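Structure, as structure tokens:
The values are calculated or read from the model by the stated rules, or taken from the named source; none is laboratory data. Since the structure is predicted, the reported quantities are computational estimates derived from the model, not experimental observations. Here the Cβ positions follow ideal geometry from the backbone for every residue, glycine too, while neighbour counts run over all protein chains shown.
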Amino acid sequence: MTKRYWRCYVCNDIHYGVAPPEICPTCKVRQAYVEITSEEARKILAGGPEKALTPEGFRAAIEAFAGPNEFRVQPDKEKVDLLVSGVFENEKNHGLKYCPCRLRTKDWDEDLKLVCPCNFPAHETYRGLPGGECWCGLFVKKSD
Amino acid sequence: MARLLMFYGRECPHCKKMHPLVDQLEKETPVRFERYEVWHDEKNADLMRSFKDAIAPKCGQQLRVPTFLNADAKDAMCGEVDFDKLKEWALKQG
């Protein structure tokens, strides 16, 4: 499963995946994606306006992410504060928003699995458990 | 006495919960842990990585914190546990 880069020829949205979206999520044009190189994708993304995500912005992003799903953001504010500070420390020191409750192996593909939010619904601390949580506890399953 | 290590992250809430339990255990028993912070000290991180084969099978095939490790017997336990479980694990390491 090799992921590649794709560019919408109408609005220049960039997609990274095995296949492009059938409909561009931004301009809604059908069959609008053409394959490009990683170099082109990086240039297009790097040339765009700076969009720094502050810790507050990250909180809003994870709330929006959790909203329609079967999990929610941890209600313990103190825990969330500590975790978000760790995620941002890790981004500053190690390049990506790595989970503060795990450790990078230094294998790029393996370590992408540690970027918050990770694919925690597949993990043993969450899957099939009432009240399941991601490993760090930032996301908890909504009660029925 | 076995060489016991605790790997933790400064911003990990589970690790934060475990420190007072480790303090209590060290006060009540001869057990001692060497504690290593792994997100802000690359040398400590490399030390934890060097035990990956012992840790990963007990920790969802990953390196997770907090992790408690018997460096001699290569036995590991990870995650937030209650005092009794921590004590039981530490005392059985000999």
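Values as computed for the structure displayed
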read-out: Of all residues making up the stretch B:22-53, the number that are under 12 Å from the mean Cα position of the chain (by Cα), under 21 Å from B:ALA2 (Cβ atoms) and of a type outside the set (Phe, Trp, Tyr); value: 6
read-out: Of all residues making up the stretch B:54-80, the number that are under 11 Å from the mean Cα position of the chain (by Cα) and either away from chain A (no Cβ under 13 Å) or not basic (Lys, Arg) (or both); value: 14
read-out: Candidate set from the stretch A:55-106 (those that are among the aliphatic types (A, V, I, L, M), away from chain B (no Cβ under 11 Å) and outside any loop (DSSP other than H, G, I, E, B)); member that is nearest to B:HIS14 (Cα to Cα); value: A:VAL73
read-out: Scan of the stretch A:133-144 for residues that are of a type outside the set (Asp, Glu), within 13 Å of chain B (Cβ to nearest Cβ) and surrounded by fewer than 21 Cβ atoms within 10 Å (Cβ to Cβ), ordered by number; value: A:GLY137, A:VAL140
read-out: Residue, surrounded by the fewest Cβ atoms within 10 Å (Cβ to Cβ), within the stretch A:95-115, restricted to residues that are in contact (Cβ under 8 Å) with a residue 12 or more places away in the chain and touching a Gly at 6+ places or on another chain (Cβ under 9 Å); value: A:TYR98
read-out: Any hit, the stretch A:16-29, residues being surrounded by 10 or more Cβ atoms within 10 Å (Cβ to Cβ), within 15 Å of the chain's Cα centre (by Cα), closer than 21 Å to A:GLY95 by Cα and not polar (S, T, N, Q); value: yes
read-out: Strands (runs of 3 or more DSSP E) enclosed by chain B - at least 2 residues per element that are among the hydrophobic types (A, V, I, L, M, F, W, C) and in contact with a helix residue (DSSP H, G or I) (Cβ under 7 Å, 6 or more places away or on another chain); value: B:4-8, B:67-70, B:75-78
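Matching residues to (1) of a type in the set (Val, Ile, Thr); (2) surrounded by 15 or more Cβ atoms within 10 Å (Cβ to Cβ); (3) at pLDDT below 95:
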{"site": "A:GLU40", "(1), (2), (3)": "no, no, no"}
{"site": "A:LYS43", "(1), (2), (3)": "no, no, yes"}
{"site": "A:GLY47", "(1), (2), (3)": "no, no, yes"}
{"site": "A:LYS51", "(1), (2), (3)": "no, no, yes"}
{"site": "A:ALA64", "(1), (2), (3)": "no, no, no"}
{"site": "A:LYS79", "(1), (2), (3)": "no, yes, no"}
{"site": "A:LEU83", "(1), (2), (3)": "no, yes, no"}
{"site": "A:PHE88", "(1), (2), (3)": "no, yes, no"}
{"site": "A:ASN93", "(1), (2), (3)": "no, no, no"}
